Structure formats: structure tokens, C-alpha cells
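Report on the following structure.
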Amino acid sequence: MSIRILAITALAAATLPGCASVKLPDLDFMGNSDFNEEISDLEMSFPSPGDTPDMPAGVRTAEEWDQSAREMQELYDDVDVPDLEPALSPEVFDRQFEAAKDEAEEYKDDDPS
């Protein structure tokens, strides 16, 4: 086991000087950007985040929201929902569907074009 550790250590020691001879490009991670000109041309009339208000102006109060909700509920209560016909049974629906399909086929057969 110690021979393996010794071999790995020797191999690592032999490869490290090779890494030092590799020339890396000079990367400027925090320096100038390609967009510096565009950034300087931006309109600076916008407020900074520290100057913006915590709450937007013109927001309704809770009482105004409640009043509006009550008015909408009153409108809903005033609506008379019409009585609907009962839904067709599957057999009746299939019969009417087939009849409509047959009428469409007759219409197609009668078409002179």
C-alpha cells in the first residue's frame, strides 16, 4: 500500500513542474467589459434602487379592496342563471351525432362539384 502512495506522490511531483511551464492567457475577470461604451451611453435619469419608494403610490387600501369585492358579490347575486336543459344521455347523443353525420354525408353526395 505504501508503495502505491509513494508512486502516486512521485508521479504528482514529476508532473507539477510541467504545469508551471504552461502559459495561460491573461484573463481579466473583473476588469473592463466589451460593453463599457454602451454602458456609459445609457440614460442615467432612472432612480437608483435606494431612491425608489418601498410601496408604490396609488395602491388601494384594504377597505377599498373589501368594498370592491362586496360590490362584485352583489353583482353576482343579482344575476339570474337560466335553467338549462338536462344533459343528453350517451345513447341519445350518439343517435343525434350519427344523424348529423348522415346529413353531412348526404350534403357531400349532393354537391355537384
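No value in this document is a laboratory result; all are computed from the given coordinates. This is a predicted model, so every value here is computed, not measured. With ideal geometry, Cβ positions are generated from the backbone for all residues, glycine too; neighbour counts draw on all protein chains shown.
According to the Kirkwood expression over distinct Cα-Cα pairs, how big is the hydrodynamic radius of the chain, in Å?
Its Kirkwood hydrodynamic radius stands at 26.9 Å.
Under DSSP H, which helices of the chain have Cα atoms covering 27 Å or more of the helix axis and a Kyte-Doolittle average no less than -0.5?
Those that clear 27 Å and a mean of -0.5 are 2-20.
Sum -39500 (n - 2.57) across every DSSP H segment of at least 4 residues in the chain, then divide by the residue count to get the 222 nm mean residue ellipticity, nearest 500. Before the final figure, lay out each step's value.
Working: 4 runs with 62 residues, N = 113.
My calculation for the chain gives -18000 deg cm²/dmol from helical runs alone.
Considering the options PRO53, SER40, GLN67, tell which one lies farthest towards the positive end of the dipole of the chain, charges being +1 on Lys and Arg and -1 on Asp and Glu at the Cβ, about the Cα centre.
Of PRO53, SER40, GLN67, it is SER40.
From the phi of every residue in region 49-61, what ³J(HN,Hα) in whole Hz does the Karplus formula 6.51 cos²θ - 1.76 cosθ + 1.60 yield, where θ is phi - 60° and glycine or proline is x?
Using θ = phi - 60°, the values come out as x, x, 8, 6, x, 6, 10, x, 7, x, 7, 5, 6 Hz.
Given labels modelled 7 Å from the Cα in the Cβ direction, how far is it in nm from TRP65 to GLU85?
For the pair TRP65/GLU85, the computed spacing is 4.5 nm.
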